[in-house]
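What follows is a single structure, written as structure tokens, with notes after it.
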Amino acid sequence: MSPSRIAARVRRIKPSPSTSAADRANELRRQGKSIVNLVVGEPDFDTPVHIRQAAAAAMDKGQTRYTLMAGTVELREAIVAKLERENGLRYAMNEIIATSGAKSAIYSAFAITLEPGDEVIIPAPYWVSYPDMVLASDGTPVTLPCPEENGFKLTPAQLDAAITPKTRWLLINSPSNPTGASYTIDEYRALAKVLARHPQVLVMTDDIYEHIRFDGQRTPHLLQAAPELRERTLVVNGVSKTYAMTGWRIGYVAGPRDLVQALDTLLSQSTGNCCSISQAAAAAALNGEQGFVQQSVAIYKQRRDATLERINAIPGLSCRTPDGAFYLYINCAGLIGKTTPEGKPLTEDGDVVMYLLESVGVAVVAGTAYGLSPYFRLSIATSIEILEEGCTRIARAVAALR
Ligand code: PLP
């Protein structure tokens, strides 16, 4: 066989399973099938008007050129102010870098730090991209199953047992995609105690869903519980989910100077600065009035409550109440071992997901993609009518199983 033209580190990774699930649903829709798409991982709202206006104004003012690699002064000042105002975290301007989405921030952070074989601890269930990002930087993802009984959260004992001399990072995503689980200050303190014994371990916090919370609480931050971790923590966040700005591609990182400087160097030689117009929009989002955030969270909460009630009433399915984010991670253990009307046995969550798609046209993502089975992820970032229709169809499909 001729040697592949594609590098091994890229051959090791796979396309995002949620994108594949969305593609499959779209293909069936094109074939004329009625599909309820509950795969989407982005807000279904438009970006608020004042943010769009800020982008238009930036274009009119000629802000259409390269910016500083780390981001405009205006945007970085807005990020510094946001971190202090909302999280009580103080960063200098040169400890901040704006990136083309949180996704590129996380990928780049691995790229600047991982040597071949370095390990990254990823609590499962996890956002689908994390392990592949680690693999793409020649690292080794170490996924730790965090079962529902533990609230889908990493325990100190698990962390302690998983750390080796090769551990480079611990990755924390709170509230989590896909479970919505959020760590408390006390849970962070307990994890920080373990980290205190392992000074070589860096910590990345992916705070992208921080504002989408249903209990009226502010999402606590690891660094509030353990400020002593500041010099080895990278705070990753962005405007995509909070302000319905997924298409604008603005994320950011706050962290110790050496890591931020290395990110700056790598990005300056690869992507360059992120979009100047989007930077102006993101600054307006962070500095402007925050009414949209409360309004959209109230809508997500109504959807969460309505959908949870419907799902928990379906025999064989159950769902833990998520603290935040816009997904339900639904336990389908009660369906495993059943048989479809066509006589096909459901042996894993992938079978359940395929059955829901083919029998009633409901598209969701299998728990295998997130590293903890048997579950499937259902997105509530869609209208209540679509969610109601989805639940009705799921109930019908489940009732037809034998
Ligand atoms: N982190 C998590 C947990 C996500 O779910 C996503 C998007 O789905 C991202 C990061 C990426 O965010 P961005 O759009 O800023 O790249």
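Taking the range 299-313, which residues are in contact with a strand residue (DSSP E or B) (Cβ under 7 Å, 6 or more places away or on another chain) and free of Cβ contacts under 8 Å to residues at least 12 places away in the same chain?
Asn312, the sole residue that qualifies.
Kindly indicate the residue of the range 219-245 that is more than 16 Å from the ligand (Cβ to nearest atom) and in a loop (DSSP other than H, G, I, E, B) and also farthest from Ser176 (Cα to Cα) among those meeting that condition.
Top of the filtered list is Ala226.
How many residues does the range 248-268 hold that are within 11 Å of Glu95 (Cα to Cα) and within 12 Å of the ligand (Cβ to nearest atom)?
Number satisfying all stated conditions: 2.
With Gly101, Gly88 as the choices, which residue is within 19 Å of the chain's Cα centre (by Cα) and either at pLDDT 95 or above or not assigned by TED's automatic domain parsing to the domain that holds Pro15 (or both)?
Gly101
Please enumerate the residues belonging to the range 116-134 that are more than 18 Å from Tyr370 (Cα to Cα) and without any contact (Cβ under 8 Å) to a residue 40 or more places away in the chain.
Pro116
Looking at (1) farther than 27 Å from Leu202 by Cα; (2) hydroxyl-bearing (Ser, Thr, Tyr); (3) surrounded by fewer than 19 Cβ atoms within 10 Å (Cβ to Cβ), which one does Tyr243 not meet, given that it meets all the others?
Condition (3) is where Tyr243 drops out.
Can you tell me which residue is surrounded by the most Cβ atoms within 10 Å (Cβ to Cβ) among those in the range 295-341 that are part of a loop (DSSP other than H, G, I, E, B) and of a type in the set (A, V, I, L, M)?
Ala325
Quick one: is Ser108 out of contact with any Leu (no Cβ under 6 Å at 6 or more places or on another chain), touching a residue at least 40 places away in the same chain (Cβ under 8 Å) and under 30 Å from Arg9 (Cα atoms)?
So Ser108 fails the test.
Return the only residue of Glu385, Glu389 being over 30 Å from Ile121 (Cα atoms), assigned to a helix (DSSP H, G or I) and without any contact (Cβ under 8 Å) to a residue 12 or more places away in the chain.
Within the list Glu385, Glu389, the selection yields Glu385.
When the range 343-368 is examined, which residues are found to be assigned to a helix (DSSP H, G or I) and under 15 Å from Leu328 (Cβ atoms)?
Asp349, Val352, Val353, Leu356, Gly367
Could you tell me whether any residue of the range 269-290 is over 16 Å from Leu75 (Cβ atoms), away from the ligand (no atom under 16 Å from the Cβ) and part of a helix (DSSP H, G or I)?
The answer is no; no qualifying residue exists.
Just to verify a result, which residue in the range 125-148, among those that are surrounded by 22 or more Cβ atoms within 10 Å (Cβ to Cβ) and farther than 18 Å from Arg9 by Cα, is nearest to the ligand (Cβ to nearest atom)?
Trp127
Identify the residue in the range 87-103 that is among the charged types (D, E, K, R) and touching a residue at least 60 places away in the same chain (Cβ under 8 Å) and, among all such residues, is farthest from Ala282 (Cα to Cα).
Within the range 87-103, the match that is farthest from Ala282 (Cα to Cα) is Glu95.
Could you check the range 169-220 and list, in sequence order, the residues that are free of Cβ contacts under 8 Å to residues at least 60 places away in the same chain, among the aliphatic types (A, V, I, L, M) and more than 20 Å from Thr143 (Cα to Cα)?
Result: Ile185, Ala196.
Kindly indicate which of Ser296, Ser359 is in contact with a Phe, Trp or Tyr (Cβ under 9 Å, 6 or more places away or on another chain), of a type in the set (Gly, Ala, Ser) and touching a residue at least 12 places away in the same chain (Cβ under 8 Å).
Answer to the selection: Ser296.
Residues that are within 16 Å of the ligand (Cβ to nearest atom) and surrounded by fewer than 21 Cβ atoms within 10 Å (Cβ to Cβ): does the range 169-180 have at least one?
No, the range 169-180 has no match at all.
What is the residue count in the range 28-74 for residues that are among the hydroxyl-bearing types (Ser, Thr, Tyr), over 30 Å from Ile394 (Cα atoms) and either away from the ligand (no atom under 16 Å from the Cβ) or surrounded by fewer than 16 Cβ atoms within 10 Å (Cβ to Cβ) (or both)?
4
Look through Ala190, Ala161 and report the one residue that is loosely packed, with under 15 Cβ neighbours inside 10 Å, of a type in the set (A, V, I, L, M, F, W, C) and in the same structural domain as Leu222 (by TED's automatic domain parsing).
The conditions single out Ala161.
Scan the range 83-110 for residues that are within 15 Å of the ligand (Cβ to nearest atom) and part of a helix (DSSP H, G or I) and report the count.
10
Mind listing just one residue for me: the one in the range 6-27 that is of a type in the set (D, E, K, R) and without any contact (Cβ under 8 Å) to a residue 60 or more places away in the chain and, of those, nearest to the ligand (Cβ to nearest atom)?
Only one residue fits best here, namely Asp23.
The values are calculated or read from the model by the stated rules, or taken from the named source; none is laboratory data. What you are looking at is a predicted structure, and each value in this text was computed from that prediction instead of being measured. We place every Cβ from the backbone using ideal geometry, glycine too, and count neighbours over all the protein chains shown.
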